[in-house]
Amino acid sequence: MPQVPVAELKDYIGKELGRSEWFTVDQQRVDQFADCTGDHQFIHIDPEKAAQTPFGGTIAHGFLSLSLLPMLMDELMIRPEGTKMGVNYGLDSLRFIQPVKVGSRVRVAATLLDVYEKNPGQWLLKSRAVMEIEGVEKPAYIAETLALCFV
């Protein structure tokens, strides 16, 4: 994750920070997420039943797709120089648009929307994250994410 001098942070507002590498969402990960969350709805874990739905097979949980965000954005997101740690601060908005079918490859495109010093030594970065699905026109989701960096 690139570190940027505090004086240059605002120069990145409105700029795309890049796209992550592709990542395959497999059935094992979906099953593990179901076990962790207790969400065992058949559209996620039963390929035979899910094949009978409009999805044509199992799909990832929306929140599983969202949970991949820190991993996929790690190399894209800028941080203020001297950052000691960063925490997820929340989301300003999130829309799930297209389900991620099991076996699909996804990646995230990130754009910095805003940055400001919330408290002395605490920088809040707001970004747009768009999860793209390989070969699919519509994204899986569009999220406005918030990260708080401690310098």
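From its DSSP helices (H runs of at least four residues, each -39,500 (n - 2.57)), the chain gives a residue-normalised ellipticity at 222 nm of -4500 deg cm²/dmol. If a spin label sat at a point 7 angstrom from the Cα of Asp31 along the line to its beta carbon, the backbone N atoms of the stretch 44-74 nearer than 11 Å would be those of 45-47. Cross-link partners for Lys101 among the lysines, with Cα-Cα distance under 26 Å and sequence neighbours closer than 8 places in the same chain left out: Lys49, Lys138. Local charge for Gln52 was computed over the other residues whose Cβ lies under 15 Å away, with Lys and Arg +1 and Asp and Glu -1, and equals 0. Straight-line reach from Lys126: taking Cα to Cα under 20 Å and skipping same-chain neighbours fewer than 8 places apart, the lysines in range are Lys10, Lys15, Lys84, Lys118. Loop-located trypsin sites (Lys or Arg not before Pro) across the stretch 61-128 with a Cβ neighbour count of 10 or fewer within 10 Å are Lys84, with loop assigned by DSSP. Which distance in nm do the two modelled labels at Phe63 and Val136 give, with both placed 7 Å along the Cα-to-Cβ direction? Each label point is offset 7 Å from its Cα along the Cβ direction, giving 1.9 nm.
Computed on the Cα atoms alone, the convex hull of the stretch 3-150 gives a volume of 110 cubic angstrom per residue. As a proxy for reagent exposure, ranking Val115, Val108 by other Cβ atoms within 10 Å from fewest up yields Val115, Val108. One decimal place: the segment Gln52-Met85 gains 7.3 nm when fully extended, by the rule 0.36 nm per residue minus the C-alpha distance. Based on alpha-carbon centroids, what's the gap between the stretch 30-75 and the stretch 81-125 in Å, whole number please? About 21 Å separates the Cα centre of the stretch 30-75 from the one of the stretch 81-125.
Compared with the dominant principal axis of the Cα atoms in the chain, helix 27-37 is inclined by about 70°.
Only the coordinates and a few stated rules stand behind these numbers; no lab work does. Remember, predicted model here, so these are calculated numbers, not experimental data. Using ideal geometry, Cβ is built from the backbone for each residue, glycine included, and neighbour counts are taken over all protein chains shown.
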